[in-house]
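Accompanying notes for the structure given below.
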Amino acid sequence: MLIGVVGKPSAGKSTFFKAATLAEVEIANYPFTTIKPNRGNGYVKVDCADKDFNVKCNPRFGYCIDSKRFVPVELLDVAGLVPGAHEGKGMGNQFMDDLNQADALIHIIDVSGSINEKGEPVQSLSYDPANDIKFLEHELDMWYLRLLDKGWEKLARTINQEKSEVNKEIAKHLNSVRVDEKLMERVIAKLGLESDIMEWSKETLKEIATELRKETKPMIIACNKIDIPGAYDKFTKLKEQFPDHLIIPCSAESELALKEAAKHNLIKYIPGEKDFEILEENKLSEKQKKALNFIKENVLKKLETTGVQDVLDKAVFDLLKCIAVFPGGIGKLQDQDGNVIPDCFLMPPKTTALDFAFRLHTDIGNNFIKAIDVRTKKPVGKEHLLNNRDVIEIATSK
């Protein structure tokens, strides 16, 4: 799973990425700080299964704090986007190529309106961040349209003459952007398109491009710099203006400061929580105390979170609708090395017990006999749909 972190230059994209991953990336307030994409692990938060069995887990990947399990997901911080990217302007060509790898997108916008359409600093609240939402969607739509339109007349004639299946041939045409036959069939049905492809207009192709973008690149809007005075009002207006969008307020700078303080054992902080505990007050400078107090009063008390963890969680569990599944055994939650509930897998929606078995290992899938719900101790069949936080044992013939 790969989540793309996208947005205009200087919107706080790299700050968000660093806050989520603690990776060493350059952060600066000017266009194209990010030239080549940065990759790192962010973490989604799940209530760990260990508390249900009164044990303490030992994760092999990620970590666990007070029965809050943090499961790694890969993040990609791509080059800043400017108008005309789909035509290759700015770092547009590289941006689109990098973006194509992502399963979902986190669009970082400066909700305080303190950068213009080019990512240049302007007076706070003077720019309408709604333009940024429209801008990115337009760029992506135009990119999909360009791919769809390339060689379209020849493709349409061939389909018409050979009486080929429209959804199948268009899926082949757009396989580079993860369009398959079933998706194309759904889009055609949703738009109520004419069966004669020669009747499809340029406007029809634009509508198709938009639907394919929504399906293959689901997006969450992270309203960054929410701590700037007046920004929350703009956030509220965005929620009203885009009721169908998933829009979350956040302060990437605040999250980064808390993560760094926790890393140096100055505070105890669980990402996504509404408070933190100072551990070494005598080691804090007056500047650090002031900064932590600002975060507590102006971010955590108002939002009950910095928003960064919320964005990651909702991208994985709400946009992609993934579930977290723990491998385990009845009476034996340890692996061969004695680690307790060491693994947690993020699985796609409608994952069956057999799907999970193959995720663990091909041999386990091939030799599947049954699965057992460790909590209820009841066996389930291979077609049984798993739920979030299930603990599953797989019985095999070998």
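Of all the listed residues (A315, A395), the sole one being among the small types (G, A, S) and in a strand (DSSP E or B) is A395.
When you scan the range 151-162, do you find a residue that is closer than 16 Å to T210 by Cα, within 33 Å of the chain's Cα centre (by Cα) and not in a helix (DSSP H, G or I), even just one? Within the range 151-162 (the criterion being closer than 16 Å to T210 by Cα, within 33 Å of the chain's Cα centre (by Cα) and not in a helix (DSSP H, G or I)), the answer is no, since none of the residues qualifies. Against the condition over 23 Å from R60 (Cβ atoms), modelled with pLDDT of 95 or more and touching a Phe, Trp or Tyr at 6+ places or on another chain (Cβ under 9 Å), how does N366 come out, does it pass? Judged against the criteria, N366 is a match. Does I228 count as surrounded by 18 or more Cβ atoms within 10 Å (Cβ to Cβ), assigned by TED's automatic domain parsing to the domain that holds Q309, part of a strand (DSSP E or B) and of a type in the set (V, I, T)? No: the conditions fail for I228. Please verify whether the range 103-122 includes one or more residues that are surrounded by 21 or more Cβ atoms within 10 Å (Cβ to Cβ) and in a helix (DSSP H, G or I). No; the residues of the range 103-122 include none that is surrounded by 21 or more Cβ atoms within 10 Å (Cβ to Cβ) and in a helix (DSSP H, G or I).
Does I364 fit the bill of being of a type in the set (A, V, I, L, M, F, W, C), in a helix (DSSP H, G or I) and surrounded by 18 or more Cβ atoms within 10 Å (Cβ to Cβ)? It is true that I364 is of a type in the set (A, V, I, L, M, F, W, C), in a helix (DSSP H, G or I) and surrounded by 18 or more Cβ atoms within 10 Å (Cβ to Cβ).
Which of the residues spanning the range 336-356 are closer than 21 Å to V316 by Cα and small (G, A, S)? Correct list: A353 only. Can you work out which of the residues in the range 306-322 that are buried (at least 22 other Cβ atoms within 10 Å of the Cβ) and among the hydrophobic types (A, V, I, L, M, F, W, C) is farthest from V6 (Cα to Cα)? So, considering only residues that are buried (at least 22 other Cβ atoms within 10 Å of the Cβ) and among the hydrophobic types (A, V, I, L, M, F, W, C), the one farthest from V6 (Cα to Cα) is C322.
Residue under question is S195, and the condition is that it be assigned to a loop (DSSP other than H, G, I, E, B), closer than 23 Å to M219 by Cβ and among the small types (G, A, S); does it hold? Here the answer is no, as S195 does not meet what is asked. In the set (1) surrounded by fewer than 19 Cβ atoms within 10 Å (Cβ to Cβ); (2) in contact (Cβ under 8 Å) with a residue 24 or more places away in the chain, I372 fails one condition alone, (1).
Pairs are defined by a Cβ separation below 7 Å, a sequence spacing of at least 6 or placement on different chains, a first member in the range 265-290 that is touching a residue at least 40 places away in the same chain (Cβ under 8 Å), and a second member that is loosely packed, with under 11 Cβ neighbours inside 10 Å; the pairs so defined are I270/D66. Using the structure shown, decide if L279 is crowded, with 16+ Cβ neighbours inside 10 Å, within 21 Å of A261 (Cα to Cα) and assigned by TED's automatic domain parsing to the domain that holds A261. For L279, the condition - crowded, with 16+ Cβ neighbours inside 10 Å, within 21 Å of A261 (Cα to Cα) and assigned by TED's automatic domain parsing to the domain that holds A261 - is not met.
Only residues that are modelled with pLDDT of 95 or more and surrounded by 15 or more Cβ atoms within 10 Å (Cβ to Cβ) were counted across the range 334-348, and they come to 8. Among the residues of the range 294-305, at least one is free of Cβ contacts under 8 Å to residues at least 60 places away in the same chain, assigned to a loop (DSSP other than H, G, I, E, B) and crowded, with 20+ Cβ neighbours inside 10 Å. Screening F235, F242 for residues that are in contact with a Pro (Cβ under 6 Å, 6 or more places away or on another chain) and either closer than 22 Å to I109 by Cβ or touching a residue at least 12 places away in the same chain (Cβ under 8 Å) (or both) leaves exactly one candidate, F235.
Looking at (1) part of a helix (DSSP H, G or I); (2) over 22 Å from D227 (Cβ atoms); (3) modelled with pLDDT of 90 or more; (4) not assigned by TED's automatic domain parsing to the domain that holds K202, which is the one condition that is false for I133? It is condition (2) that I133 fails.
Is it fair to say L2 is buried (at least 23 other Cβ atoms within 10 Å of the Cβ), under 25 Å from I323 (Cβ atoms) and at pLDDT 85 or above? The answer is no for L2. Within the range 173-190, residues that are acidic (D, E) sit with their Cβ atoms under 8 Å from residues that are assigned to a helix (DSSP H, G or I) and surrounded by 15 or more Cβ atoms within 10 Å (Cβ to Cβ), at 6+ positions apart or across chains, in these pairs: D180/A171; E181/N167; E181/A171; E185/N167.
At pLDDT below 95 and more than 21 Å from P72 (Cβ to Cβ): which single residue out of I330, I295 fits that description?
Among I330, I295, only I330 is at pLDDT below 95 and more than 21 Å from P72 (Cβ to Cβ).
The values are calculated or read from the model by the stated rules, or taken from the named source; none is laboratory data. Everything numeric in this text was worked out from a predicted model, so none of it was measured. Backbone-built Cβ (ideal geometry, glycine too); neighbour counts: all protein chains shown.
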